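Before any comments, here is the structure.
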Amino acid sequence: MTNRKIEYWVIPPDADAEFVAHMEEVLDTYAQPYDPNCPVLCMDEQPVQLHKEVRKPRPATDKHGQRIDYEYERAGTASLFMFTEPLAGWQEVAVRPRRTKVDWAIEMAQLLEGRYAPCEQVILVCDQLNTHTKGAFYEAFEPERARQLVRRVVFRHTPKHGSWLNIAENELSSLTRQCVHRRRFGDIETLQQETEAWSTDVNKIQRGVDWQMRIDDARCKLTSVYPKIKL
């Protein structure tokens, strides 16, 4: 019998100098000691389908768990923005109707002018999505404010097919499993309340991320992604 099982992986490329360059830059960033004047911030995002209940769920009893009817009504989509500061053990989840350049820039500005207002710069680890750009600030704000924000952001882009290098992706995966998966949210407000509650609980107990992989580890274990030098 033919095995038809399919497993989905983020498969890194072979002998890709650009992948290596971005990977080592991110790994070098994670290896630096904590600097309160220039903290490392990771961000990632994902869409969420909103579903309204058509019939009122039945509450749990001694004999049965909560029972929810299989039928639902589509209520549009929302986008989760995950921001996490690995060495501080802090994270924040924002929920927006869309994930455009302007949405991203607004969320970044709130952090730069809020939590990170005293910091000279912030190192931002994110993927190479076309909404995560310096130009996004100029689409959201007047040039003077946009320039002030851009000057304080140092981008560290993860390589294409290298999303595993973004710590925010790991946090977003935890949020999905522990808070969003197998649940229905009929509106953005409810989704925001639930994700805020999850984030508050995590921030109370999390003490930071212990990132284990270093550049030397990558050069030893991921030899296939490094170009072979021809002399």
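The values are calculated or read from the model by the stated rules, or taken from the named source; none is laboratory data. The shown structure was predicted, so the numbers you read here are calculated from the model rather than taken from an experiment. All Cβ positions, glycine included, derive from the backbone under ideal geometry; neighbour counts span all protein chains shown.
Before moving on, here are some points about what is shown:
- Tally, over segment 195-213, of residues that are surrounded by 14 or more Cβ atoms within 10 Å (Cβ to Cβ) and farther than 19 Å from Cys179 by Cβ: 2
- Residue among Ala75, Ala109, Ala94, Ala136 that alone is touching a strand residue (DSSP E or B) at 6+ places or on another chain (Cβ under 7 Å) and either at pLDDT 95 or above or surrounded by fewer than 13 Cβ atoms within 10 Å (Cβ to Cβ) (or both): Ala94
- Condition check for Pro33: free of Cβ contacts under 8 Å to residues at least 60 places away in the same chain, within 13 Å of the chain's Cα centre (by Cα), closer than 30 Å to Gly208 by Cβ and surrounded by fewer than 19 Cβ atoms within 10 Å (Cβ to Cβ): no
- Selection of first residues in segment 150-165 that are more than 22 Å from Arg115 (Cβ to Cβ) and at pLDDT below 95 and of second residues that are aliphatic (A, V, I, L, M) and not in a helix (DSSP H, G or I), restricted to Cβ pairs under 9 Å at least 6 apart or on distinct chains, gives the following pairs, ordered by first then second residue: His161/Val10; His161/Ile11; Gly162/Val10; Ser163/Val10; Trp164/Val10.
- Some residue of segment 175-182 being within 16 Å of Glu85 (Cα to Cα) and in contact (Cβ under 8 Å) with a residue 24 or more places away in the chain: yes
- Taken together, Glu171, Glu194 contain a single residue that is acidic (Asp, Glu), part of a helix (DSSP H, G or I) and without any contact (Cβ under 8 Å) to a residue 24 or more places away in the chain, which is Glu194.
- Failed criterion for Ala168 (all others in (1) of a type in the set (Gly, Ala, Ser); (2) surrounded by fewer than 18 Cβ atoms within 10 Å (Cβ to Cβ); (3) within 18 Å of Trp90 (Cβ to Cβ) hold): (2)
- Remark: pairs (first residue in segment 203-231, modelled with pLDDT of 90 or more; second residue assigned to a loop (DSSP other than H, G, I, E, B); Cβ separation under 6 Å; 6+ apart in sequence or on different chains) = Ser224/Asp14; Val225/Pro12; Val225/Asp16; Pro227/Ala15.
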